[in-house]
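The values are calculated or read from the model by the stated rules, or taken from the named source; none is laboratory data. As the structure is a computational prediction, the values presented were derived from the model and not from experiment. Cβ: placed from backbone, ideal geometry, glycine included. Neighbour counts: every protein chain shown.
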Amino acid sequence: MNKIKFFTIVAVSSLSSIAVAQNKPSIILINVDDLGYKDVGFNGSKYYSTPNIDKLVSQGVIFNNGYAGAANCAPSRACLLTGLNTPKHKIFTVNSSSRGKAKNRKIIPVKNNTILSEKFPTMASIFRDAGYKTINIGKFHVGENPLNYGFDCNIAGNHAGHPSSYFSPYKNKNLKDGKKGEHLPYRLTSEAINFIEKSKQQPYFLYLPYYSVHTPLQGKKELIEKYRKIGKIKSEKQLSYAAMIESLDDNIGRLTNYLQQQNLLDKTIIVFTGDNGSVYSFSPQKPLRAGKGTYYEGGIRVPFAIRWPQGKIPANCRLNERVSQLDLLPTLARLANVKLENNKFDGIDVSSYIFNKKNNKEISERAIFFHFPIYLQCTGKALNGISKHMQSRDPLFRTRPGSVIIYNNYKLIKYYEDKNDYELFDLKNDISEQHNLANQKIELKKQLIIKLEEWLKENNAPIPTRKNPKYIAK
């Protein structure tokens, strides 16, 4: 008898949530893998063709200073889905925190989580509980089964960080192979369109994290030859990368055209962003310094835009205040009028800033933080003979253990290998981060250190302190 009552209550509650959600906007969150800030036309790309993406974001708000939650895949995605910074979920990097040769690591990094704990609410679970149908289509990377994190459906998502192949057969246990030679972004977009067609009578949350444009670099041959004939790109890797970006853009066009034809485009909130910077060895982000895996601007600043005309998000608008992907969960909840039971998120609702760009005091006066108590070695081959380490801090590691605070146009980076090792950059006048002001602006440095240490303490951030017995001093 008790069991019958229990299931009856659940069924009624579920139906009630769906009924309440009927007038809410659907949400599509497009998260592109390893797409650099400068790799899209709307941010000034000189090499890559993104007309469909450019058209989409021009109809909404573009954030000139949009930041990922972290500088590489897994921690960034954990931050985006939970609205929590890395000290909370403790996913700081991909795989081991002790990457690189032991003899070069001065201290022992903290232990890294590779799986997101299921105890954390996610965008998917929050919107599902509000009556939305939820689906993951593409790269998940923070757990083996997206269904355990609030998704009703999953296509192609698992713990893998990249596909075995961008051409069918895919060798993906959560994606049936298509015809031989079928290209992955086209297949994922078709799956997204099929899902919307079946679900359009109910509000849905579609998380569309394309595997593109992560390695392996496997562009369509005809597009590679197209860019070869244009002549701007000489590197074979970059030619394939350009082809992959164009295929991604083609499919953003397919998706938006379908929504337009179905009279759904203006009823849907669409977020377009990337999970971290591009791989520097084949797509530098100048004037931004370095790329994926570093906490310089090229590693953490990403394409970032929101479109929703029916909600009166202004079109053709570019905003300069710094926003973070940590802000997406509370902001999307507010736009969709979804109540958050737990408001203890590390991001903030920036919807008032979107609707009224003058109402930005809360945003302009806050600091943005990153915590990465891990090692991440340099990888990849040089582009056109330029050293892959050219913009990293040293030739061995993209990232050494440290933390970052960005406040009032200044960025302070604290490194943990040496007690007094800091970098301080004026992002307004030195966007390329070439001039370390740590020994010049002493008082400013002290103020930022205090703010950073307060944040680390409040968030119980693990700090690496133990010396590495295998370290060999040079």
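Computed quantities for the displayed model
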quantity: Within region 221-247, tally of residues that are buried (at least 24 other Cβ atoms within 10 Å of the Cβ) and either closer than 19 Å to Ile193 by Cα or free of Cβ contacts under 8 Å to residues at least 12 places away in the same chain (or both); calculated: 0
quantity: Residue within region 444-456 that is in contact (Cβ under 8 Å) with a residue 40 or more places away in the chain and over 30 Å from Lys286 (Cα atoms) present; calculated: yes
quantity: Residue match in region 250-273 (condition: polar (S, T, N, Q) and farther than 25 Å from Val61 by Cβ); calculated: no
quantity: Unmet criterion (only one of (1) touching a helix residue (DSSP H, G or I) at 6+ places or on another chain (Cβ under 8 Å); (2) buried (at least 22 other Cβ atoms within 10 Å of the Cβ)) for Phe63; calculated: (1)
quantity: Every pair of residues 6+ apart whose Cβ atoms lie under 9 Å, when the first sits in region 38-63 and is free of Cβ contacts under 8 Å to residues at least 24 places away in the same chain and in a loop (DSSP other than H, G, I, E, B) while the second is of a type in the set (Lys, Arg) and surrounded by fewer than 24 Cβ atoms within 10 Å (Cβ to Cβ); calculated: Gly44/Lys38; Ser45/Lys38
quantity: Those residues of region 433-457 which are touching a Leu at 6+ places or on another chain (Cβ under 7 Å) and assigned to a loop (DSSP other than H, G, I, E, B), in sequence order; calculated: Asn436, Leu437, Ala438, Lys441
quantity: Qualifying residue in region 312-321 (condition: crowded, with 24+ Cβ neighbours inside 10 Å and either outside the structural domain of Arg99 (by TED's automatic domain parsing) or under 28 Å from Arg393 (Cα atoms) (or both)); calculated: no
quantity: Candidates Leu84, Leu56, filtered to the one that is assigned by TED's automatic domain parsing to the domain that holds Leu259 and either in contact with a helix residue (DSSP H, G or I) (Cβ under 6 Å, 6 or more places away or on another chain) or surrounded by fewer than 22 Cβ atoms within 10 Å (Cβ to Cβ) (or both); calculated: Leu56
quantity: Ile472, sole failed condition from (1) exposed (fewer than 12 other Cβ atoms within 10 Å of the Cβ); (2) of a type in the set (A, V, I, L, M); (3) at pLDDT below 95; calculated: (3)
quantity: Candidate set: region 111-127, residues that are assigned to a helix (DSSP H, G or I) and either outside the structural domain of Asp152 (by TED's automatic domain parsing) or more than 17 Å from the chain's Cα centre (by Cα) (or both); chosen: the one surrounded by the fewest Cβ atoms within 10 Å (Cβ to Cβ); calculated: Ser125
quantity: Region 331-360 - residue that is of a type outside the set (Gly, Ala, Ser), part of a loop (DSSP other than H, G, I, E, B) and touching a strand residue (DSSP E or B) at 6+ places or on another chain (Cβ under 7 Å) and, of those, surrounded by the most Cβ atoms within 10 Å (Cβ to Cβ); calculated: Val350
quantity: Hits in region 273-305 - residues which are among the small types (Gly, Ala, Ser) and not in a loop (DSSP other than H, G, I, E, B); calculated: Gly274, Gly298, Gly299, Ala305
quantity: Residues of region 137-165 that turn out to be touching a residue at least 60 places away in the same chain (Cβ under 8 Å), crowded, with 24+ Cβ neighbours inside 10 Å and closer than 21 Å to Gln218 by Cβ, as a count; calculated: 5
quantity: Of the criteria (1) part of a loop (DSSP other than H, G, I, E, B); (2) on the phi < 0 side of the Ramachandran plot; (3) out of contact with any helix residue (DSSP H, G or I) (no Cβ under 6 Å at 6 or more places or on another chain), which one Asn460 fails; calculated: (2)
quantity: Candidate set from region 361-398 (those that are surrounded by fewer than 17 Cβ atoms within 10 Å (Cβ to Cβ) and at positive phi); member that is modelled with the highest pLDDT; calculated: Asn384
quantity: Flag for Ser235 being at pLDDT below 95 and among the polar types (S, T, N, Q); calculated: yes
quantity: Single residue of Ser212, Ser190, Ser165 found to be farther than 23 Å from Asn276 by Cβ and small (Gly, Ala, Ser); calculated: Ser190
quantity: Residues that are modelled with pLDDT of 50 or more and of a type in the set (Val, Ile, Thr), drawn from region 1-55; calculated: Ile18, Val20, Ile27, Ile28, Ile30, Val32, Val40, Thr50, Ile53
